[in-house]
Structures are given as C-alpha cells and as structure tokens.
Amino acid sequence: MDDRLMKKRLLQEITHQEIPEPMPSLWPALRRQLEPPSRRPILRLTRIGWIAAMLVLSLTLAAGTYAFVLHGDNGDPGMQQIEDDELVTFIGQSVTIDDITVTLNWAYADAHRIALNYDIEGHSPYTEGDQPGTAPLPPAPLFPGLLVDDQGHTFPMMSGSGDGETTTITMLTGASASYDPSGLEDTPAALQLHYEIRVGLEDPPESLDGSEEAASDDESTQSDLPFGMDRAVGPFVFDFSVPFYPALELTPNTTVEANGVSMTLAGVSITPSMTHAEVCASGLPEASAPWEPVAALETHDDTIALDDSDVLNDSEDRACFKLVFPAAYDGTEQRWTIVLSHFEIPPVFGEEFQAAFAEYGIAIESTDEGFWYTTSIPEDVDFEQVRAEIQRRLGQTLSGPWEMTFTVPESDR
C-alpha cells in the first residue's frame, strides 16, 4: 500500500477574541492568509504490510522543530474541501494550564469522520543568546485524547498530524485529529461533544533556566509521551456543538473481471470529506497471507490514493474489502471511477527485508507494536520506487486492473 508523505499545513496564531461567534464562514479565508509553508517530516511510519497506522513518533528536524503523523491526515483533499466550502464550525475556545494554552480552532462532523483543529502555544525559554540546538521541542498533543458525545458514545481516533516550532518568542504547535463516528446508531442534526487532550512537554535544559526540572514520576503519564517529551500537562477540556452531515449511500453493484478475478462494487458511502466503498472479489488465488488491495478513486477533477482498507469478510470463494478514500464531494452530479490496480502481499519484516532497503542506503527499524519505519533515506533516492521494487522481489502481487465507474448524484448535503 502506498506510503504517503505528510503535507500538513500549519495554522498560525489567530486573534480569536476579535472575531465574534459564531462565524464559520471566516475560517477558510483566515487559513489561506495565515498558513506558512509546511515543513518536511524526516520519518516515514509504516505497519509491516506497508500501512502507516496507530503509532505516534516525533523527531527533531532542527533545533526546536518537529513533525509527527498518526495514520492518515496526509495531503487530505476531503479536509481541504470542507474548509473551502465553509462547512467547518469555528469554535475559538482557549484553555490555559501551567502557561500552556490550547485553542480549539474549528470542528467538523459527518458520518465518516469527526475532525478537530487546534493550536498549542506556550512561552519560550529559548533566547537569541542560547546555543544552537538547545531549544526545547514545542508542545505535542498526547493522542488519542478523549472525544465523547452527550449520549455517552466514545469516538475512537482515526488519524492525526501536525508540526511545531520553538522560537525566541513562543512555542507553537498546529495539530489536527480525526475520530471515527461509525458507532452512532442514528443520524443527528448536530453533535454535542466533549473533548479532552493532554499536552507533552520537554523540560528545558539546565543551560536555559539555571535549574534542572525533574521529570514526572507518574509511569502512566510517561508511558504515552512522544519521543523527546518529559512530562504531561492537562487535560485541556472543551465542550461544543457541531452540525452533523449524513452520508449519501449508493449501491452500484457493478462487476468487472481481470486476471481471472471478478470484482463487484457492492456499495459506496459518500460524505463531504470522505468516501467509503465496499468491493467483493471472487476467484482470488489462495495465498499465505491476506491480499491487500491497492486502489485509487478518480473523481471529476482529481485522483485520490487509497487511505486505508479493511477486510470485511474472507471466505473460500469471496472476499470483501472496505476501501477508504479522503475524497472531496461538493454535492454536484459526477462520474467517479474506482481503479483497483492490483493486490499485494507485502514482504515479512526481517534481515532480508532490511538488507534490501540497505542496498539503496535506506535504514529501517521495527517496533514491538508491529510497525517498521525508516531512520534515514538518501536525498537522491526515490523511496516509492525502492518500495515497489522490493515488493516485486520479496512480496506477492496479483495484477488487475479492475475499473468500476458509477454516478454520484447531486445532493444538497
């Protein structure tokens, strides 16, 4: 499955006190004016099986800067669309604890995701006279946090990303997080939400403040701290309401065949920010491990790479998969095509796998949680080409393509 570079756009400080509420229509314009260029992350994070998921790592890019990614949220056209269409709800709530301020900028909810965007800011102990490399890391959100509604539903986290910087004036982190609303049994007009998030901090070195702060002795607090963080502050608590956008449900039942495998597009579920599709394959050859689909969604003006997939059922004669695309939908009638190019069984992580990457100067490591990640990539090496070559050498591939076209009707959302 494709490994995607994070293209998270940072949101800088906004003077919320001068903006009356509610004013959701102002946010897209503010974002376009204030966002600086994103910084390049130096870490790729992938589950054994090429899938990036469920592990937060933070790495120092330079003195006092970092980037992090937790599956997804990487160059997300669905999120961009809801901001451009002014579907996000401006919240503008700020909470300050121990000189750290978390500001919940906006929120959004539909049948496939609940999205939150916030800034974390604190006073910087770093000054122009300090030695390079001594600036502490900016504050980091301790995902997953807690998101519940007034009916007691707890929403699991889907993805999150962000990056931050420590300057001589401030420590600032811009972050976003998405949560899974699939456990809702009905379609409410709005959600009443309660959100709690803690923040990880790195203690400043002795050379900055003349004393060495002791890290927290609370093992439960330390266990979920990202790389480089010494202690936690919070929780920062927010209560707010956000409109809920239901999904448009389609049943194309389109069947195509390639390479002896029949593929049926059984259903498509579309919200303004995300599209889910169910495809069922008959005739997949037996294999030593589950086949993983590699697919893209072609809309009227964009091609969206597969963000995630799940096996819905896998019997001897039929296997069904849920495909997740962060595809933007603006409510107009369109013709879309799901192109399932091939299936993969990725290589098993081991010495041969590491050695294959090492031939190209790429170093990789694994974690106890079942993830592998790169620790260095030469600047002149195309990681995606290398990954594809190693898949051909060490993995299994079943080629298609299977192309399934369907009509998305007009919707007032």
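Numbers for the structure displayed
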quantity	calculated
Those residues of region 302-357 which are of a type in the set (Ser, Thr, Tyr), within 23 Å of residue 179 (Cα to Cα) and modelled with pLDDT under 90, in sequence order	329
Residue ranges of strands (runs of 3 or more DSSP E) in region 242-308 with at least 1 members surrounded by fewer than 21 Cβ atoms within 10 Å (Cβ to Cβ), of a type in the set (Ser, Thr, Tyr) and in contact (Cβ under 8 Å) with a residue 40 or more places away in the chain	254-258, 261-270
Qualifying residue in region 347-359 (condition: under 28 Å from residue 280 (Cα atoms), of a type outside the set (D, E, K, R) and over 27 Å from the mean Cα position of the chain (by Cα))	no
From the options 211, 282, 207, residue that is at pLDDT below 80, small (Gly, Ala, Ser) and touching an Asp or Glu at 6+ places or on another chain (Cβ under 9 Å)	207
Lone unmet requirement of (1) farther than 24 Å from residue 246 by Cα; (2) in contact with a strand residue (DSSP E or B) (Cβ under 7 Å, 6 or more places away or on another chain); (3) free of Cβ contacts under 8 Å to residues at least 60 places away in the same chain for residue 399	(3)
Flag if residue 355 is surrounded by fewer than 19 Cβ atoms within 10 Å (Cβ to Cβ), among the aliphatic types (A, V, I, L, M) and more than 21 Å from residue 404 (Cα to Cα)	yes
Residue within region 70-81 that is modelled with pLDDT of 95 or more and assigned to a strand (DSSP E or B) present	no
Region 108-123, subset of a type in the set (Gly, Ala, Ser) and buried (at least 24 other Cβ atoms within 10 Å of the Cβ), residue nearest to the chain's Cα centre (by Cα)	115
Test result for residue 402, in a strand (DSSP E or B), modelled with pLDDT under 90 and surrounded by 18 or more Cβ atoms within 10 Å (Cβ to Cβ)	no
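The values are calculated or read from the model by the stated rules, or taken from the named source; none is laboratory data. Since the model is a prediction, treat every value here as computed from it, not as a measurement. Note that we place each Cβ from the backbone using ideal geometry, even for glycine, and neighbour counts take in every protein chain shown.
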